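One structure is given here, and the rest of the page talks about it.
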Amino acid sequence: MYFSDCVMQFETSITYCYETALISNPSIKGKITFEWKIRMSGAVGEVRIKSSTVKSDEIYGCIKSAIKSWRFPQPVGNEVVVSYPFIFDIVGF
């Protein structure tokens, strides 16, 4: 399984964070790149924001909590540090 496929399994938790943040800030959009460590067990260790064009402590905290709850396949050899961008934009119908 590719890493991006693993992250896509957790898409609903990221969507929840974004939609919740939209309630208090309807114009929120941009890109947040998170970096986290996948421990030898597959659990997520430390999580940090690498860069962001979004200004929202609410969405930062929600996504950090979500990422910390994720489980990945056990890495081979060493713990793995990953960096992944999440892009948020308001979609109109």
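7 Å from Cα along Cα→Cβ at both LYS55 and TYR84: what's the point-to-point distance in nm?
It works out to 2.8 nm between the two label points.
Report the paramagnetic label zone for GLN74: residues of region 28-44 whose backbone N is under 17 Å from a point 7 Å from Cα along the Cα-to-Cβ axis.
38-44
Straight-line reach from LYS29: which aspartates and glutamates have a Cα under 17 Å away, not including same-chain ones fewer than 8 places off?
Partners found: GLU11, GLU19, ASP57, GLU58, ASP89.
Quick one: longest stretch of the chain between exposed loop trypsin sites (Lys or Arg not before Pro), exposed meaning at most 16 other C-beta atoms within 10 Å and loop per DSSP?
No qualifying site falls inside 56-93, the longest such stretch.
If I take every Cα pair under 8 Å that is 6 or more residues apart in the chain, average their sequence separation and divide by the length, what percent do I get for the relative contact order?
Here the relative contact order equals 36 percent.
Readers should treat all values here as calculations from the given coordinates under stated rules, not as data from a laboratory. If you're wondering where the values come from, they're calculated on a predicted model, not measured in any experiment. Every residue, glycine as well, gets a Cβ built from its backbone with ideal geometry; the counts of neighbours run over all protein chains shown.
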